[in-house]
Amino acid sequence: MSIDAPLILQLQAGDLDALGALYDKYRPTVYRTALAIVRDPDVAEDILQEVFLRLHTYAARVKSELPLAPWLYRVTINLCYTWFTRNKWFAPLDEFIENLVGPMKQRPEPAAEQRAAQEVMHTAINALPFNQRVVVILHYLNELSLQEIAEITASPLGTVKSRLFYARESLRQQLEGTPLAQEIGYGFTH
């Protein structure tokens, strides 16, 4: 039985307090994932609300014996994909870039140099295809295993590995010759 089973069962019985408890527990993860993909705080907030609306609407279909997080990730990614295919514009995503450039935060460099490094990373991530971006976000931002990502995206494990490999190669090529390449070159080898 999953850790969220009691709340899921309560939600299935119509208890909105259970939905509130699940929302409080998973809101940061769902929002952060949506923001990392769509790169617009307003759209990420809309997706967050839609994810939990769907949880409420389809509660009877959610299996209480399984963990809820993969279901929430799957819905989040599907909603982001729908938005992504309809909109080609992206807003800045400093939080995600800062997470990937984390080791640089430890160095006492001027803020201008850190911003420049973040901009380089932002540009490189922007260039990734949607499926590769999703795998990078789930693996590096949400720290999910490749197996978990495969289950969430309903993709074979080999496909997930391939997407991550090509995303890292793309980032490595884009960052080649920049000072940032030395900093994170080994960070993408998980």
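Throughout, read-outs are computed from the coordinates displayed, never taken from laboratory work. Computed from a predicted structure; not experimentally measured. Every residue, glycine among them, receives a Cβ derived from its backbone with ideal geometry; neighbour counts consider all protein chains shown.
So here's what we get for this one:
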quantity	calculated
Net charge of neighbours whose Cβ lies under 10 Å from the Cβ of residue 34, counting Lys and Arg as +1 and Asp and Glu as -1	-2
Spin-label zone in region 124-162 - amide nitrogen under 19 Å from a point set 7 Å from the Cα of residue 2 along the C-beta vector	138-139, 142-155
Built amide H within the under 5 Å cut-off of residue 144, gap 5+	139
Proxy reagent accessibility, fewest Cβ within 10 Å first, across 56, 122	56, 122
Net charge, residue 9 excluded, C-beta distance under 15 Å - Lys, Arg +1, Asp, Glu -1	-2
Coil-residue GluC sites (Glu not before Pro) of region 117-168, DSSP, other Cβ within 10 Å capped at 12	143
Simple spin-label estimate for residue 29 and residue 12 in nanometres, 7 Å along Cα-Cβ	2.0 nm
